[in-house]
Amino acid sequence: MIRHKIRIGDILVEKGFLTQEQLLECLAEQKESNFSKKLGEIIVQRGYIEEKEFIEILAEQLNLEFVDLYGVNVDFALMSRFSLSMLRNANAVLFKEDEDFVHVAVSDPLNYEAIELLEKNIATKPIKLYVALKNDILYVFDRLEIISVTKSLVDNIKKEISSGMYKTESEQSSVMQLIELIIRNATKNNASDIHIEPSGFNVSVRSRVDGVLRESFVFDLDVYNALASRIKILGNLDISEKRRSQDGRFSMTIDNNKYDFRLSTAPTMFGESIVMRILDSNKILLKLKDLGMEEKNLKLFNDILNSPYGIIFVTGPTGSGKTTTLYAALNEIKSIENKMITIEDPIEYQLPLAQQIQISERIDYDFADALKSILRQDPDIIMVGEIRDEETLNIAVQASLTGHLVFTTLHTNDAPSAITRMIQMNLEPYLISDSLIGVIAQRLVRTICPSCKETFSPPLKAVEKVKDYLPENYQFYKGRGCVKCNFSGYKGRTMICEIMKVTETVSHMISINMNKYEILRKAEEEGDFEPMIIDGVAKALKGLTTLEEVLRVAK
């Protein structure tokens, strides 16, 4: 192949990504590493340029095309014909073969020795080279290994399908073994959800670990119908209904631990998308101080919790830890002297000294119905799992105005937006000002793996976004990736939050229907409220999480 001499550092200086002085510093670092680090790698690590921008510039200089491997149908059968170690050595993905070429994507087109070895081994046809992101190529390698691991089990399922055995409810069937394998893998990795998604080519199984989806298995489409039908039978769903969404639940014991699963199906272009939420009944109930709140926010939250009556909202998107925060708050204030009742869907923890009620849509027993009935149970503290409609909101607010302390959740992006959302649900501003005592908006961010934590310079674009919250001399961190964190650089999650306490001034502003931006400014002026981004940046500076994670979930 033709070898090119590319002075990539000079090109980046010319394009304004770094200065000549910064280039010399990068070259000195490369020399210190005895040239084990590539110059481009150092420039990206220092945050002077995003990896994708760097790869696209390099591809342009070499007259090569950039390919997004997530957007092409990778031919895994083609790749399986060659040595995986050889492909890994060249960081190369053989994603397509046609009459003229074998189409190959590489992350380092300047690794000439490895590419030439690849050309010799392919031999049958010339290769057409493309450039792709390194992580995209590693994802394809992981997928190839996953396909290989599950091949024998999938072959057995295909035999059962041809003989009709998969329709039986035997716990020993290969389909059931596959379901147990999927669930065991997810619980072992502390996943919160399992997603089974058919596409035009195959079926992908992904698990949400620490808030981020990771692919676990890939199957042929032949297996999908048997797998989906068996899961629907477990959840007591109608297996013949594939045009509408369905919800169900089931329990399963894996490695002597009992897990409950909330099941949801939704019709898509290629089949039903199936999501299983994992509910571990053995989960430890967290204490308030273990949630990850900074000292200032923890004190503010405790002040709100000690109110004798009123309504407290915990807001955020699905999967942001709202329920965990509610349970921790209730656990903090539980007492033999108070009657505490919760209304939930589903009950995720067993809470001491609380009467917990499970709602059931199947018998038309919803949050509003349950809330009406429990007010006759003489409660002091009420927890409503979620405000889903105007009726439930009105009853909850009326309960808070008649001497009850009410906790509930709402889907909003920040704390002040909870007020706007209640007004949109036709609640009068004066009722909000009289009942609302505080709003906690939160997100979960992944924490850096302590075993591989190292200092890190984020991209300058990211630093620019938070420059107003940074000290003069700042340092950020990241996880390099190791066996203990499955090479992700992250292990576990923590909370970032903002807490708006409704003071007399804020209450007055709500009652006269002032907009959320004026309320936000007043809350900040009074000294208690700090936007969530400040909490996130503080945790990133302490090395608990990365700046990238904070910017992923907060504005």
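The values are calculated or read from the model by the stated rules, or taken from the named source; none is laboratory data. On a predicted model such as this, the values are computed, not experimentally measured, just so you know. All Cβ positions, glycine included, derive from the backbone under ideal geometry; neighbour counts span all protein chains shown. Each accessible area value is taken on the protein alone, full model and side chains, heavy atoms only, with ligands, DNA and RNA left out. Shrake-Rupley method; radii C 1.70, N 1.55, O 1.52, S 1.80 Å.
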Cα gyration tensor category, rounded, prolate or oblate, for segment 266-404 with a/c compared to 1.5: oblate
Once a ≥ b ≥ c are taken as the square roots of the eigenvalues of the Cα gyration tensor of segment 170-273, is the result rounded (a/c under 1.5), prolate (a/b larger than b/c) or oblate (a/b not larger than b/c)? rounded
Under the Cβ-under-4.7 Å rule, which cysteines of the chain stay unpaired? 26, 497
With label points built 7 Å along Cα→Cβ from the Cα atoms of residue 222 and residue 110, find their separation and express it in nm. 4.6
Taking the Cα centroid of segment 412-435 and of segment 459-501, what is the distance between the two, rounded to the nearest whole Å? 32
Quick calc, the chain, dipole around Cα centre from Cβ unit charges on Lys, Arg (+) and Asp, Glu (-), nearest 20 debye, gives 1200
Please give the per residue accessible area of the chain, computed with a probe of 1.4 Å over protein heavy atoms only, in Å². 50
Per segment 457-555, sqrt(5λ) over the Cα gyration tensor eigenvalues, sorted largest first, in Å, gives 34, 15, 10
Whole-angstrom gap from segment 90-131 to segment 241-272, using each part's C-alpha centre: 42
Set the Förster radius R0 to 22 Å, insert the Cβ-Cβ distance between residue 333 and residue 378 as r into 1/(1 + (r/R0)^6), and round the FRET efficiency to 0.05. 0.80
I want to make sure I understand the PRE zone here: with the label point 7 angstrom from the Cα of residue 285 toward its beta carbon, which residues in segment 331-346 have backbone N atoms less than 16 Å away? 331-344
In vacuum, with every alpha carbon of the chain counted as one equal point scatterer, what does the Debye formula give for log10 I(q)/I(0) at q = 0.13 Å⁻¹? Two decimals, please. -1.35
Taking the alpha-carbon distance from residue 478 and a cut-off under 12 Å, which aspartates and glutamates remain once sequence neighbours fewer than 8 residues away in the same chain are dropped? 454, 548, 549
Tell me the mean residue ellipticity at 222 nm calculated for the chain from its helices only (DSSP H runs of n ≥ 4, each -39500 (n - 2.57), averaged over every residue, nearest 500). -11500 deg cm²/dmol
Over the chain, calculate the relative contact order: mean separation of alpha carbon pairs under 8 Å at least 6 apart, over the residue count, as a percent. 10
Probe radius 1.4 Å, ligands and nucleic acids ignored: give me the carbon and sulfur share of the accessible area of the chain as a rounded percent. 47
Förster radius 30 Å - calculated FRET efficiency between residue 36 and residue 451 (Cβ-Cβ, nearest 0.05): 0.85
